[in-house]
Structures are given as structure tokens and as C-alpha cells.
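Structure, as C-alpha cells:
The values are calculated or read from the model by the stated rules, or taken from the named source; none is laboratory data. Predicted, not measured: the structure shown is a model, and the values here were computed from it. Cβ placement follows ideal geometry from the backbone for every residue including glycine, while neighbour counts extend to all protein chains displayed. SASA here: full protein model, heavy atoms, side chains in, ligands and nucleic acids out. Shrake-Rupley method; radii C 1.70, N 1.55, O 1.52, S 1.80 Å.
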Amino acid sequence: MRLKKLNITSQKAMTLIELMLVIALLGVIVTIAIPSYQSYIDKTNNALAISQLVTIQSVIERYYLENNRYPPDSESEWEAFTSKLPNNGKDPWGNKYIYLDIAGDWPRTRGPSRKDRNINPINTQYDLYSKGKDGQTKKQVSQKVSLDDIILARDGRFIGHAADF
């Protein structure tokens, strides 16, 4: 008896179902990876802003030691001062760091300085902060648009997110 050869050809291409499964799997991977990457970028920018605030704080304190006063906060004089600051005084999101000299007004300062949730000033000498990722802020750091701000508070004893203050 003679056996017949089976004519089985090898498959060289993917079927439509296999292709759809690969695309769906890639979609799931991308859906997971992009938010994780964005979270990493946000954490990195926040850490950079905190680091830059520490550096700016030391430059301001050095100015105080040399001149026996804090740098003026008028826009033209502060602009000249920013050349000494990291990234020319801009935060990781491209916004200018905000500085306000309130030392001369303390303890009467109730107006321009930043406030905590009890409407008390968060600093006595100067305010220094970044508006954060959204680029928006309010005077009271506990308000919703200010929660992502990176602030210097308690005269430098706290530097971080306004939400953590």
C-alpha cells in the first residue's frame, strides 16, 4: 500500500484576527505606559522646581547678607536679579518664579502676601513660589488652583507642594 503525501503549506502571513489581537495588546500597553510616563515627568518637574526654589532662596539670603535688605520686588529690579537665578528665574513649566518682598510690612502684612487656609501669611520676610503645572494661582494656598504650586513657606522651613502645606 502506498501512502499519499499530504500537501500542507506553511503559513507566512498573520491572519486578520492575529493582527487585531496584536494591535489590541499594543493599545493596552500604550494606555498603561503613557500615564506612567506623564506621572514620571510631573514628579521630575516638581523635584526640579523644589531644587530651584532652594537655590533661589540661597541667592536671596546671600543678597540680604551683602545688602542688609531683601531684593526689591519691583518687576524691573527683579528682572535684573533673575540673571543670577537658575534657568533665568523660570520654573520647569516655563513660568517665572514669583517673588514678593514683604519684610518691611511685617507684621501688618495682610494684603499681597500668600496665606494659609486660616488666612494667615505663610512667610514673614518674602514670598517665593512657582505657579506649578497649571500656571494659575491664588493668594490662599489651600484654594484648588493653588494646590499644585511649589511654595516656600514658614520662612524656608517648608518647601514643596501647596497641597502638602
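Numerical summary
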quantity: Whole-percent pair-distance distribution, where bins are 5 Å wide, for the alpha carbons of the chain; calculated: 1, 8, 14, 16, 14, 9, 5, 4, 4, 3, 3, 3, 3, 2, 2, 2, 2, 1, 1, 1, 0, 0, 0
quantity: Antiparallel %, DSSP beta bridges [both residues in the chain], to 5; calculated: 95
quantity: Percent accessible area from carbon and sulfur atoms, the chain, protein chains only, probe 1.4 Å; calculated: 57
quantity: The chain: relative contact order as a whole-number percent, Cα under 8 Å and 6+ apart; calculated: 15
quantity: Summed side-chain charge close to N95 - residues other than N95 whose Cβ falls under 11 Å, Lys, Arg +1, Asp, Glu -1; calculated: +1
quantity: Accessible area (Å², per residue) of the chain, counting only protein heavy atoms and a probe of 1.4 Å; calculated: 67
quantity: Gain in span if fully extended, T31 to A103, counting 0.36 nm per residue against the direct Cα distance; calculated: 21.0 nm
quantity: Spatial separation of Cα centroids for the stretch 32-105 and the stretch 129-165, in angstrom; calculated: 12
quantity: Highest-first arrangement of 141-152, 23-34, where packing means the average Cβ count within 10 Å; calculated: 141-152, 23-34
quantity: Crossing angle, helix 16-67 versus the chain [Cα axis fit, 0-90 degrees, rounded to tens]; calculated: 20
